[in-house]
Each structure stands twice: as C-alpha cells, then as structure tokens.
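Report on the following structure.
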Amino acid sequence: MPEHVVSLNTDIGEGYGAWRIADDAALLGVVTDANMACGFHAGDPDIMRQTCETAAANGVGIGAQVGFHDIIGFGRRFIEISRASLTNDLIYQLGALSAFAELVGSPVAYVKAHGALYHAAVQHEQYAGAVIDAIRSFDASLPFLCQPGTSFSARAEKAGLRTVREGYIDRAYQPDGLLVPRGTPDAVITDIDEACRRAVAMAQSGEITAIDGSVIAMPVDSVCIHSDSPGASEVAQAVRAALIDAGIALSRIE
C-alpha cells in the first residue's frame, strides 16, 4: 500500500444558462472528485445533469458544493440570513443535486461549503451550525470536505460529522492557515510548477509555505483546484502527474 493517498478534487459545474466558465469535460478526465455547484451560487438543472453524467462516465466521485443564494455574485458575497433559513437553503441544494446524481447511478458522496458561505462559517457559529444542521438532516453519514485546523472543522467533528481535510493548490495561505482573500496580490497561484510543489508538500509532509514565507501545518486527504483558475485543466493534469511521480496514490473520497 502507498504511504500517502489523496484525492484530487475540483469545484465544477459553475456555469449558468448559456454561460460556461471552465472546460468541465477536460477537468473531469483528470480529477478523482467533483464538487458540483447545486444551483444557488452557480449551476442549473441542465448543467447539473450533464456534469453528473460526465463525472459518472469518468468514474469521478460526486460531491455537493453548497453556497449562498447568490448567482450574480457567484456565491462570493456575504449574505445575512437566519440559521433556519440557511439550513433549508442548503437542504434544498443537496436534494437537487442528489436527484441528478441518483439518476446516473453515482449518489452524492460528500459535501463542501462554497466561497463566502465557507468563510462565514469559519467566522460565525450560526453559519457553521446551519451547514452542520443541513448535512445531519439530509444524511449524517456524508463526509464533510473542509480545511483542517479551522473552528468550522472542529465544530463539524464535535457534531459527529466525518471530516475530509482539504488543501488548495491554487490559493495562497496566510500564516494563520486561512486563505489569502481574493483580490489580494498573489492570492491565486497560477504557476504550474508551484501548484505541483504545493500539492506534493501537503500530501507528503502535511505542510505548506504561507505567503509570508513561514511553513505551516496543512495535513490533507484531498487537494483542490478551482475550475475558474487560469489554465485549470492543464494545472490539474500536471498536479496529478506530480503526485503519482512522488509515489502518492490517488483515490476518490469515500
């Protein structure tokens, strides 16, 4: 058995109507797991069904990436909402994607919070609670894909959810282990070699170099690339090859 095993996931299915922002088919030929938009921050019924079909045909695991009801802002804007209403929004999204996933014979395998919802849940207990409530209400056995070492992850574990530790190969980290905010210089990693180094370092040694040059702990079970990052499919291909060359096995989230 290999000493190190990780999944390679991507946020995907993020178009809407006539608009597409990534080469989803190319990415689904490379990754092991797909975090699919469920219609609230991106995605629509046609895209959800097509993306599920392509994922299933490629043996790629289907995960639900739930977010704020914010199509215009792509789910990257904070929204003031009650815990109960947010919980219902998230259950609605899980149900929508689950219907299409079941149609292709590949049920939803895990859950991930998208964008501003994730950042809100790290900072505000009511938002973290809503995500946790939704997963537990929908299917408490579903793993929760989450950045390690955060209060959000700790709350999910305390609530009895199984967490899958996720690291980002295309985003810079702050010294406290959180992501450098988008819009900040060098927040997005576009260099392919750097993305490969980061993926291997997190998978092998459980460490990452923060934006200030400090080395921080970042043990992971899965590494992520955003489908809207520049050259995402080429980066994903290079990262997959780098992980395999380093003796790291790739496996779906189970």
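Using the reciprocal of the averaged 1/r over all distinct C-alpha pairs, how large is the Kirkwood radius of segment 124-222 in Å?
Across segment 124-222, the inverse of the average 1/r is 14.4 Å.
Need one number: convex hull volume per residue for the chain, Cα atoms only, in Å³.
117 Å³
Find how much the distance from Glu53 to Ala140 grows on full extension, using 0.36 nm per residue of separation minus their present alpha carbon separation; answer in nm with one decimal. It would help to have the intermediate numbers written out before the result.
Details: separation 87, 0.36 × 87 = 31.32 nm, distance 2.51 nm.
Net length gain for the segment: 28.8 nm.
Return one whole number: the accessible area per residue of the chain in Å², for a 1.4 Å probe.
That works out to 42 Å² for each residue.
Can you list the DSSP H helices in the chain whose Cα atoms extend at least 27 Å along the helix axis and whose mean Kyte-Doolittle hydropathy is 0.5 or higher?
Membrane-span-like by this criterion, though nothing is claimed about a membrane: 83-103.
In whole percent, how big is the carbon plus sulfur part of the accessible area of segment 36-109, probe 1.4 Å, protein atoms only?
Answer for segment 36-109: carbon and sulfur cover 54 percent of the accessible area.
Helix-only estimate, please: 222 nm mean residue ellipticity of the chain, summing -39500 (n - 2.57) across DSSP H runs of length 4 or more and dividing by its residues, to the nearest 500.
On the way: 8 runs with 98 residues, N = 254.
Helix-only estimate at 222 nm: -12000 deg cm²/dmol.
Could you state how much accessible area Glu80 has, in square angstrom rounded to the nearest 10, with a 1.4 Å probe and all protein chains kept in place?
The value for Glu80 is about 150 Å².
Ala249 to Ala26: extension gain in nm, 0.36 nm per residue of separation minus the Cα-Cα distance?
Here the segment from Ala249 to Ala26 would lengthen by 78.2 nm.
Taking the convex hull of the alpha carbon atoms in segment 84-133, what volume per residue do you get, in Å³?
Convex hull of Cα atoms, per residue: 69 Å³.
What is the calculated FRET efficiency for Asp191 to Asp46, with r their C-beta to C-beta distance and R₀ = 30 Å, to the nearest 0.05?
So, using R0 = 30 Å, E works out to roughly 0.30.
The values are calculated or read from the model by the stated rules, or taken from the named source; none is laboratory data. Only a predicted model underlies this, so the values are computations on that prediction, with no experimental measurement involved. Cβ: placed from backbone, ideal geometry, glycine included. Neighbour counts: every protein chain shown. In case anyone asks, the SASA skips ligands and DNA or RNA and just uses the protein heavy atoms, side chains included. Shrake-Rupley method; radii C 1.70, N 1.55, O 1.52, S 1.80 Å.
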